[in-house]
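Please treat every number below as a calculation from the coordinates, not as lab data. Note that the coordinates shown come from a computational prediction; the quantities given were computed from them, not determined experimentally. Note that each Cβ is placed from the backbone with ideal geometry, even for glycine, and that neighbours are counted across all protein chains shown.
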Amino acid sequence: MSLERVREFVSRYPDLQIILFETSTHTADLAAQALGVTPAQIAKTLVFLADGQPVLVVTCGDKKINTKKLATELEVKKIRFADAQKVEEATGFLPGGVSPIGLISEIPLFLDKSLWDFDIVYAAAGTDNSALPVSPDRLCEITGAKVIDVCC
């Protein structure tokens, strides 16, 4: 079902194609290995709770989010990682396959500027064995995300 939501979204954009793998790509390292790229080129999608409300932040697979910078950027007091149940409730995806597209509800989406270090990044496509190659500009365009700088 989650892969189908992403496929439906992608079907509107003939320039985008989902890649499926026989092996798990649920971490940046595994995805990079399967794709033959560096972990930095993996666009990991993380779910945070900002004052209790879910937000998505997409960043390079080798980066860490500075939660103080994120809280300042979002003008909230408390930021914490969402647990697996909250991730699935908010996005419709299981951790390891969270895609920035095909979400089950409207959630604020942010792209870290680190993604623009690459011409193409690889986001999960709704499962832990899928990838969506996309340029950061195109990802920003199709998602309406806001670009922020929150990595350390």
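Numbers below:
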| quantity | calculated |
| --- | --- |
| For the chain, share of DSSP beta bridges that run antiparallel, in % to the nearest 5 | 70 |
| Relative contact order, percent, region 2-148 [alpha-carbon distance under 8 Å, six or more residues apart] | 29 |
| Residues 37, 134, sorted so that the one with the fewest Cβ neighbours within 10 Å comes first | 37, 134 |
| Karplus (6.51, -1.76, 1.60) ³J(HN,Hα), θ = phi - 60°, over region 120-130, in Hz, Gly and Pro reported as x | 10, 10, 10, 8, 5, 10, x, 9, 8, 9, 9 |
| Contour excess over end-to-end distance, with Cα ends at residue 21 and residue 78 and 0.36 nm allotted per residue | 16.8 nm |
| Cα gyration tensor shape of region 4-128, rounded if a/c is under 1.5, else prolate or oblate by comparing a/b with b/c | prolate |
| Top of 25, 91, 67 by mean-square fluctuation, Gaussian network on the chain, Cα under 10 Å | 67 |
| Loop-resident sites, region 17-123, for GluC sites (Glu not before Pro), counting at most 16 other Cβ within 10 Å (DSSP) | 22, 75, 106 |
